[in-house]
Ligand SMILES: Nc1nc2c(c(=O)[nH]1)N[C@H]1C(S)=C(S)[C@@H](COP(=O)(O)O)O[C@H]1N2
Ligand SMILES: [Mo]
């Protein structure tokens, strides 16, 4: 217990010195769970991922089809708006950038934003340049294991900070758990937490937590 506490402080000092602890954040070695509403069930026979909006051709991938898409692994630091940060987390899944480059999703030139549609009508919006960056992943695995139900099984968006990469880093809420749809949009629309007053840009280094002071 004491040992754990001491370890946490040391770990935090180390990431702070490395410039990896954003303002107002504290390191945790746990993995807190945060979401609104219940954890949905998963049925691989009926699950699909819809791709729609500003695309040349709409699609609905079954779970089997989704698992045949090209895969990517990334390591990143997660920063939650509720002030915990978790460092060096390992994710595996499908990069949107890869799907676009491979022509598996053909975007219309008008596509500028992505809305992630999740179970029970939860939504979260990001600009296209964020969705196509290497620090955004459609993740099926965390730490070498399939996601646990409360962290978004079978599929979630996840976004974090890759140390050394000059990429915009939004807070973790910009990744939707229990993902079921990718809607490409010409105009921005606010997602669930953004409508509730969270900041639309959500940049962790600028502490863009809430839209109104
Ligand atoms: N479907 C869904 N995804 C969601 C949320 C939610 O309420 N519903 N909350 C977001 C918020 S506020 C956070 S901080 C992260 C938390 O992810 P975690 O539970 O894996 O730590 O999920 C995000 N994705
Ligand atoms: Mo959150």
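The values are calculated or read from the model by the stated rules, or taken from the named source; none is laboratory data. Computed from a prediction, not measured in an experiment: that's the story for all the values here. As a convention, Cβ positions derive from the backbone with ideal geometry for all residues, glycine included, and neighbour counts pool all protein chains shown.
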**Request:** Can you give me the ranges of the strands (runs of 3 or more DSSP E) entirely in the stretch 108-212 with at least 1 residues that are within 15 Å of ligand 2 (Cβ to nearest atom)?
**Result:** 113-118, 123-127, 156-159
**Residues (near ligand 1 (Cβ under 8 Å from one of its atoms) and over 20 Å from residue 18 (Cβ atoms)) located in the stretch 172-187** = 173, 174, 175, 176, 177, 178, 179
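Residue under question is residue 42, and the condition is that it be closer than 21 Å to residue 152 by Cα, within 14 Å of ligand 1 (Cβ to nearest atom) and either surrounded by 18 or more Cβ atoms within 10 Å (Cβ to Cβ) or modelled with pLDDT of 95 or more (or both); does it hold?
Here the answer is yes, as residue 42 does meet what is asked.
Can we say residue 39 is farther than 15 Å from residue 161 by Cα, within 16 Å of ligand 2 (Cβ to nearest atom) and over 16 Å from the mean Cα position of the chain (by Cα)?
yes
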**Message:** Can you say whether residue 24 is within 16 Å of ligand 2 (Cβ to nearest atom) and loosely packed, with under 15 Cβ neighbours inside 10 Å, as far as the supplied structure shows?
**Reply:** yes
**Complete:** Checked the stretch 74-96 for anything more than 14 Å from the chain's Cα centre (by Cα) and more than 16 Å from ligand 2 (Cβ to nearest atom); matches are 87, 88
**Request:** Would you be able to say whether some residue in the stretch 55-71 is within 14 Å of ligand 1 (Cβ to nearest atom) and in a loop (DSSP other than H, G, I, E, B)?
**Result:** no
**Request:** Looking for whichever is in contact (Cβ under 8 Å) with a residue 60 or more places away in the chain, surrounded by 13 or more Cβ atoms within 10 Å (Cβ to Cβ) and farther than 18 Å from residue 180 by Cβ here; the options are 114, 96, 78, 128. Which one fits?
**Result:** 78
